[in-house]
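The values are calculated or read from the model by the stated rules, or taken from the named source; none is laboratory data. Computed from a prediction, not measured in an experiment: that's the story for all the values here. Here Cβ is always computed from backbone atoms with ideal geometry, including for glycine, and neighbour counts include all displayed protein chains.
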Amino acid sequence: MLDVQKTEIDGVLILTPKRWGDARGYFVETWNAERFRQAGVGQVFVQDNHSYSADAGTVRALHYQSPPRAQGKLVRVMRGAVIDIAVDVRRGSPTYGRHVRALLSAENGAQLFVPAGFLHGFATLEPHTDVAYKVTDFYSQPHDGGVLWSDPDLAIDWGIDPARAVLSDKDAKAPRFADFKTPF
């Protein structure tokens, strides 16, 4: 079983696999190629990533990989909780510059599918948060890019106090959305 929720942006999906639980805990099938294909996620994933964030308020955003190494992502939280963001940057898209915001947590088991052609990032809401995500292409440093997570033109509510955000130097110095030239 897989609950599929379409979002206001075409191609971005919230997928919540069924959990089977008893007194011991629960079992969940987090990825099943056939079930996800039927839900609209037919991509081939080639790499699994795991991100650990020690502090609540850690922001990892807004990232992308440009073609020909563009990545689609299937994101889930194994411990803790995040606000996960996908910003549409597909040239000519009617939702260009708009974003989807989803609460992903270990408790709710929801996963966000972010197709290629989107900026992606998340902010942790709890300390000691573990995020796992599958990607459709391998990491490629020459194709790696980003946009400033707190850009006022994007008006994203990250669910955290921006003044207390924990950022990498790269993310803190990312260019503004107005200066971004989409490669998609």
Looking only at the stretch 76-95, count every residue that is in contact (Cβ under 8 Å) with a residue 60 or more places away in the chain and within 13 Å of Gln111 (Cα to Cα) and tell me the total.
3
Across the stretch 18-34, the tally of residues that are within 20 Å of the chain's Cα centre (by Cα) and within 19 Å of Pro115 (Cα to Cα) stands at 4
Return yes or no: is Ala155 at pLDDT 95 or above, surrounded by 18 or more Cβ atoms within 10 Å (Cβ to Cβ) and not in a helix (DSSP H, G or I)?
no
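Does any residue of the stretch 22-31 turn out to be surrounded by fewer than 18 Cβ atoms within 10 Å (Cβ to Cβ), assigned to a loop (DSSP other than H, G, I, E, B) and in contact (Cβ under 8 Å) with a residue 24 or more places away in the chain?
Yes.
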Every listed condition ((1) in contact with a helix residue (DSSP H, G or I) (Cβ under 8 Å, 6 or more places away or on another chain); (2) surrounded by fewer than 20 Cβ atoms within 10 Å (Cβ to Cβ)) holds for Arg79 save (1)
Single residue of Val87, Val114 found to be touching a helix residue (DSSP H, G or I) at 6+ places or on another chain (Cβ under 9 Å) and at pLDDT 95 or above:
Val87
Positions within the stretch 37-46 being under 17 Å from Ser140 (Cβ atoms) and exposed (fewer than 13 other Cβ atoms within 10 Å of the Cβ), in sequence order:
Val44, Val46
For the stretch 51-73, state whether one or more residues are in a helix (DSSP H, G or I), surrounded by 12 or more Cβ atoms within 10 Å (Cβ to Cβ) and not basic (Lys, Arg).
no
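Among the residues of the stretch 32-50, which ones are assigned to a loop (DSSP other than H, G, I, E, B) and either in contact (Cβ under 8 Å) with a residue 24 or more places away in the chain or within 30 Å of Pro162 (Cα to Cα) (or both)?
Kept after step one, since they are assigned to a loop (DSSP other than H, G, I, E, B), are these residues of the stretch 32-50: 32, 40-46.
Scanning the stretch 32-50 gives Asn32, Gly40, Val41, Gln43, Val44, Phe45, Val46.
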Of the conditions (1) over 16 Å from His120 (Cα atoms); (2) part of a helix (DSSP H, G or I), the single one that Asp171 does not satisfy is (1)
Any pair with Cβ under 8 angstrom, 6 or more apart, that starts in the stretch 127-139 at a residue that is under 19 Å from Ser53 (Cα atoms) and ends at one that is surrounded by fewer than 19 Cβ atoms within 10 Å (Cβ to Cβ) and of a type in the set (Lys, Arg):
His128/Arg79; Thr129/Arg79; Asp130/Arg79
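Hey, does the stretch 124-137 have a residue that's at positive phi and either over 17 Å from the mean Cα position of the chain (by Cα) or not in a loop (DSSP other than H, G, I, E, B) (or both)? Spell out the reasoning first.
First pass over the stretch 124-137, keeping only residues at positive phi: 128.
Subsequent filtering for residues that are either over 17 Å from the mean Cα position of the chain (by Cα) or not in a loop (DSSP other than H, G, I, E, B) (or both) retains 128.
Scanning the stretch 124-137 turns up at least one residue that is at positive phi and either over 17 Å from the mean Cα position of the chain (by Cα) or not in a loop (DSSP other than H, G, I, E, B) (or both).
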Unique residue being within 27 Å of Arg79 (Cα to Cα) and free of Cβ contacts under 8 Å to residues at least 60 places away in the same chain when the list is Ala172, Ala123, Ala116, Ala178
Ala172
